[in-house]
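Each remark here refers to the structure printed beneath this line.
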Number of protein chains: 2
Amino acid sequence: MKNGKVTIHDIAKELNIDSSTVSRALSDNSRVTQKTKDRILEKANELGYQRNVLASNLRKNETKTIGVIVPRISRHFFSSVIAGIEETAYEAGYNVIICQSLEQLSREKKIIDTLSANRVDGVLISISMETKNDSNLQVFHKTKTPIVFFDRHFDSSKTSNVIIDDFKSGFEATEHLILKGCKTIAHFSGPQELSIYKNRLNGYKAALEKYKINFEENLVINSKLMESDGVESAQKILAFDSVDGLFSANDNAAIGAIKHFKSAGIQIPEDIAIVGFSNEPISAVIEPSLTTIDQPGLEMGKIATSLLLSQINKKMEDQAPQTIILESRLIERSSSQKIQYQ
Amino acid sequence: MKNGKVTIHDIAKELNIDSSTVSRALSDNSRVTQKTKDRILEKANELGYQRNVLASNLRKNETKTIGVIVPRISRHFFSSVIAGIEETAYEAGYNVIICQSLEQLSREKKIIDTLSANRVDGVLISISMETKNDSNLQVFHKTKTPIVFFDRHFDSSKTSNVIIDDFKSGFEATEHLILKGCKTIAHFSGPQELSIYKNRLNGYKAALEKYKINFEENLVINSKLMESDGVESAQKILAFDSVDGLFSANDNAAIGAIKHFKSAGIQIPEDIAIVGFSNEPISAVIEPSLTTIDQPGLEMGKIATSLLLSQINKKMEDQAPQTIILESRLIERSSSQKIQYQ
């Protein structure tokens, strides 16, 4: 019992029986009587025996554990997805281990190593803002560990994705501002390597085009979309005094902008109407409340997990990767209720 | 290479060298030349060899992984603590695995089994509302895996805790309401098995006593303190029409109460002044903004992790458990600004 790790030999010795009997009892082998099993289990428990679940699962090649990698657990959207993941995984008898990349490629790499060392049965991932390709994930491809992307994904033929239609949502958000009377609409975007941000930007461009509004490169401000970035980006767009609308690719940056505009005496929505993205709880509570795109996080988590579990159980190689697109919707609130003619 | 798992034997075969050389090279043994090491590493990488970090760490008896168990990652307080944990752990070269109990004892038990099977080097835990004793954690005590509690803890002589002074904070919150002129103060509390809620309640009682206000059992409403519980509890205290103050043991229930009072036409703070607990971001944004107790989550996470790492590295048994109490503070906002004499 050195180092406090109790082995089956310690149990065998205490009970004065054979180690192989202990081993059989602990794996519920029918060759051991229930009475003996009970005695062994009781002693195992008493001594604090940690059944090496991992070692025994390694033989079966499964750990009944799913790894989840998200940029930040503190974002409501991601914690909703995780709630959906936990619900579906738990029902199927799987444990969930959550790791956050904090938007850093180097951390994402370390997490992948940890999950790989722990031999998780499958991985659900939404990539960091610094991740530009899927080279980090090769280790999972090579070991045929199923991966399902949610929200932030790569357009890869190898993996399944559960996403929303970011192009359509970007279009809808921008069209909403145009229909409310905005003529000069700025856009806060994220890193263009991430297809979600590229698609939201393309949706914005397409809406401008439909309504014959010129696209101006200067009105697109790229950042990491933190609240503080929203403040800075808001300062930048105020240089263009004709701006009367803003579509932000997330709520956090939109909220930074709202706070900055309020402190600068700019009226929302009268001077500038605003639409965010993600429906963070704070967007319903801030004054004025923020019009935003609601993403079905809980449903996304459930569906991504079902997909992953079916790949784990059917041994992925037989299954063609698929992309599932969920419905998102615009939630109208005060920040975009421009009165057009008074 | 069946099942996609590449072994050292596969690498040896491909390079036509001995397996033992591969093994030595991968553990960076000085008996292998750098040139050979490079060749082996390259081939290992090419084949997608997963070095069994776990198996090799098991020999060293460490995994360089810390397990974190929290009730809910979606609470700002817990995600702040986790941010502090990640920062300190990452600097020290440790990976962090996060699991949420969702306030359920059964899930907490499963998580403990998973973390134990994965042989984490140490555990940071804030217990679920259903957890009434530390029997679940025996497996860690027996294997001498260090545990540090943060926030929700047991008063145990075996483990270290990093907490705030909940009694003092409960006293301060209640005294604040009394000094603002409240005469009949209700209290929303959580499960009394958890010392944090018992201590906040005791602080509330002590403040009433100091100002010679009778304690009334009926004015204490116990629940799980979700936002919906706050709505229900608010309905209950309205049965006492003399209530003019409310101290809620968390912000979520306080926010449920604010929403209910607003919809019922009750003025805050004029009719009922309110103080919450935890300083969730929404408490600064809701109208009226919520007076609350700020807990230093980030600092708590950092200190708890430092304590855990020192126990991991010094092999706990030599160290007496300690309890570190961090400063919390009342943040005055609109919900308690009763004008006493106009």
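The values are calculated or read from the model by the stated rules, or taken from the named source; none is laboratory data. Keep in mind that what you see is a predicted model, and the values were worked out from it rather than measured. Heads up, the Cβs are rebuilt from the backbone with ideal geometry, glycines too, and the neighbour counts pull from every protein chain shown. In case anyone asks, the SASA skips ligands and DNA or RNA and just uses the protein heavy atoms, side chains included. Shrake-Rupley method; radii C 1.70, N 1.55, O 1.52, S 1.80 Å.
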- Task: Within the stretch B:150-158, identify whether any single residue is out of contact with any helix residue (DSSP H, G or I) (no Cβ under 8 Å at 6 or more places or on another chain), closer than 22 Å to A:GLU46 by Cβ and either of a type in the set (Ser, Thr, Tyr) or within 14 Å of chain A (Cβ to nearest Cβ) (or both), and answer yes or no.
- Result: yes
- Among the residues of the stretch A:282-298, write down those that are touching a Gly at 6+ places or on another chain (Cβ under 6 Å) and facing chain B (nearest Cβ under 9 Å). none
- Item | Qualifying residue in the stretch A:264-274 (condition: free of Cβ contacts under 8 Å to residues at least 60 places away in the same chain, in the same structural domain as A:PHE150 (by TED's automatic domain parsing) and at negative phi) | no
- Kindly establish whether A:LEU179 is buried (at least 20 other Cβ atoms within 10 Å of the Cβ), free of Cβ contacts under 8 Å to residues at least 60 places away in the same chain and hydrophobic (A, V, I, L, M, F, W, C). no
- From the residues in the stretch A:240-268 that are over 26 Å from the mean Cα position of the chain (by Cα) and aromatic (Phe, Trp, Tyr), which one is farthest from A:TYR204 (Cα to Cα)? A:PHE261
- In the stretch B:63-82, which residue that is touching a helix residue (DSSP H, G or I) at 6+ places or on another chain (Cβ under 6 Å) and small (Gly, Ala, Ser) is nearest to the other protein chains (Cβ to nearest Cβ)? B:SER74
- Among the residues of the stretch A:317-335, which ones are of a type in the set (A, V, I, L, M) and open to solvent by 20 Å² or more (accessible area, probe 1.4 Å)? A:ALA320, A:ILE324, A:ILE325, A:LEU330, A:ILE331
- Message: The conditions are (1) at pLDDT below 95; (2) open to solvent by less than 50 Å² (accessible area, probe 1.4 Å), and A:LYS314 fails exactly one of them. Which is it?
- Response: (2)
- Item | Residue count for the stretch A:244-281, restricted to those that are open to solvent by less than 10 Å² (accessible area, probe 1.4 Å), in a helix (DSSP H, G or I) and closer than 24 Å to A:PRO191 by Cβ | 7
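Residue-wise test of (1) touching a Pro at 6+ places or on another chain (Cβ under 6 Å); (2) modelled with pLDDT of 90 or more; (3) surrounded by fewer than 16 Cβ atoms within 10 Å (Cβ to Cβ); (4) assigned by TED's automatic domain parsing to the domain that holds A:THR21.
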{"residue": "A:LYS35", "(1), (2), (3), (4)": "no, no, yes, yes"}
{"residue": "A:ILE40", "(1), (2), (3), (4)": "no, no, no, yes"}
{"residue": "A:SER56", "(1), (2), (3), (4)": "no, no, yes, no"}
{"residue": "A:PHE77", "(1), (2), (3), (4)": "no, yes, no, no"}
{"residue": "A:VAL81", "(1), (2), (3), (4)": "no, yes, no, no"}
{"residue": "A:GLU86", "(1), (2), (3), (4)": "no, yes, no, no"}
- Note on the structure: Residue count, the stretch B:64-75, condition under 9 Å from the mean Cα position of the chain (by Cα) and either open to solvent by less than 10 Å² (accessible area, probe 1.4 Å) or on the phi > 0 side of the Ramachandran plot (or both), comes to 5
- Query: Name the residues in the stretch A:282-309 that are more than 27 Å from A:GLY181 (Cα to Cα) and open to solvent by 10 Å² or more (accessible area, probe 1.4 Å), would you?
  - Reply: A:PRO296, A:LEU298, A:GLU299, A:LYS302, A:ILE303, A:SER306, A:LEU307, A:LEU309
- Query: Is it true that some residue in the stretch A:111-126 is in the same structural domain as A:THR145 (by TED's automatic domain parsing) and closer than 22 Å to B:LEU298 by Cα?
  - Reply: yes
- Message: On the basis of being hydrophobic (A, V, I, L, M, F, W, C), without any contact (Cβ under 8 Å) to a residue 12 or more places away in the chain and not in a helix (DSSP H, G or I), does B:PHE215 make the cut?
- Response: yes
- Query: Taking interchain pairs and intrachain pairs at least six residues apart, which have beta carbon atoms under 6 angstrom, with the first residue in the stretch A:94-118 and in a loop (DSSP other than H, G, I, E, B) and surrounded by fewer than 24 Cβ atoms within 10 Å (Cβ to Cβ) and the second modelled with pLDDT under 90 and not charged (D, E, K, R)?
  - Reply: A:ASN118/B:ASN118
